[in-house]
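S.K.: Below is a structure I'd like to ask you about.
The values are calculated or read from the model by the stated rules, or taken from the named source; none is laboratory data. Note that the structure is a prediction, hence the values are computed from the model and not measured. In this analysis, Cβ positions are derived from the backbone assuming ideal geometry, glycine residues included, and neighbour counts consider all displayed protein chains. Keep in mind that these areas ignore ligands, DNA and RNA; they rest on the heavy atoms of the full protein, side chains included. Shrake-Rupley method; radii C 1.70, N 1.55, O 1.52, S 1.80 Å.
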Amino acid sequence: MPPSPTTCLGQTPTVHPSTPPTLETLTYSLTLPAAPQSPAVARAATRTILRAHGLEGMTEPAVQVMSELVACACRFTPTAEVYVALRYRDDALRVILYDGHARHTHPRLAAACDARRRSALRVMACVVRACSGDWGFGDARQPGGGTRMWAVLPRDLARKYLA
């Protein structure tokens, strides 16, 4: 008897219980085109993810941070796509973004490029600072290189962002 379409070579299919999303299961990754519409897609996904995990109180700063990081990456990357990760760990929301823009080896070029990137992320930096979070960028430790940008928003302080 041939295997059923839901099993692989006779393995018993795994049944995953239907449980509601929790903070511990907030771990999402997206690959987005390096295109003008990608920040809007990332904002919508962030809103949906936060609502599903009961983090509506963090929506405004998280959406702003996500949007700025995606827009910046799309502006800088020479590749066709960017990669975004959204995680919740240690009572904080973490947004991590990878783009294909290789870090410069020449010190003056690196400093100028970093200044342009920092300038593009000014609004995001203000939001993160208002939430007593952390942000930065540096070499991507991924095969193929590029740049890794991140922002960390502590839950309690991000919920007070608009208060």
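S.K.: Just to verify a number: FRET efficiency for T25 and L162, C-beta to C-beta distance, R0 = 30 Å, to 0.05? Mind showing how you got there, number by number?
M.R.: Values: r = 26 Å, r/R0 = 0.87.
With R0 = 30 Å, the Cβ-Cβ based efficiency is 0.70.
S.K.: Considering only protein heavy atoms and a probe of 1.4 Å, how much of the accessible area of the chain is carbon and sulfur, as a whole percent?
M.R.: So the carbon and sulfur contribution to the accessible surface is 56 percent.
S.K.: Accessible surface of D134 in the full protein assembly, 1.4 angstrom probe, to the nearest 10 Å²?
M.R.: The accessible area comes out at roughly 80 Å².
S.K.: Skip the ligands, DNA and RNA, and give the accessible area per residue of the chain with a 1.4 Å probe, whole Å².
M.R.: On the way: 9470 Å² over 163 residues.
It amounts to 58 Å² per residue over the chain.
S.K.: Over the chain, calculate the relative contact order: mean separation of alpha carbon pairs under 8 Å at least 6 apart, over the residue count, as a percent. Show your work: numbers first, answer last.
M.R.: Numbers: 257 pairs, mean separation 36.4, N = 163.
Over the chain, the number comes to 22 percent.
S.K.: Rounding to the nearest 10 and keeping the result within 0 to 90°, find how far the Cα-based axis of helix 107-120 lies from the longest principal axis of the chain.
M.R.: Between helix and principal axis, roughly 70 degrees.
S.K.: Under a GNM of the chain (C-alpha, springs under 10 Å), which listed residue has the highest mean-square fluctuation: A40, A120, A111?
M.R.: A111
S.K.: According to the square roots a ≥ b ≥ c of the eigenvalues of the Cα gyration tensor, what is the shape class of the chain, taking rounded for a/c under 1.5, prolate for a/b larger than b/c otherwise, and oblate for the remainder?
M.R.: On the way: a/c = 2.46, a/b = 1.36, b/c = 1.81.
It is oblate, given that a/c is not under 1.5 and a/b is not larger than b/c.
S.K.: Still on this model: Charges only on Cβ, +1 for Lys and Arg, -1 for Asp and Glu: so what's the dipole of the range 53-163 about the Cα centre, in debye to the nearest 20?
M.R.: Working: 16 positive and 11 negative charges, 65 e Å.
The dipole magnitude comes to about 320 debye.
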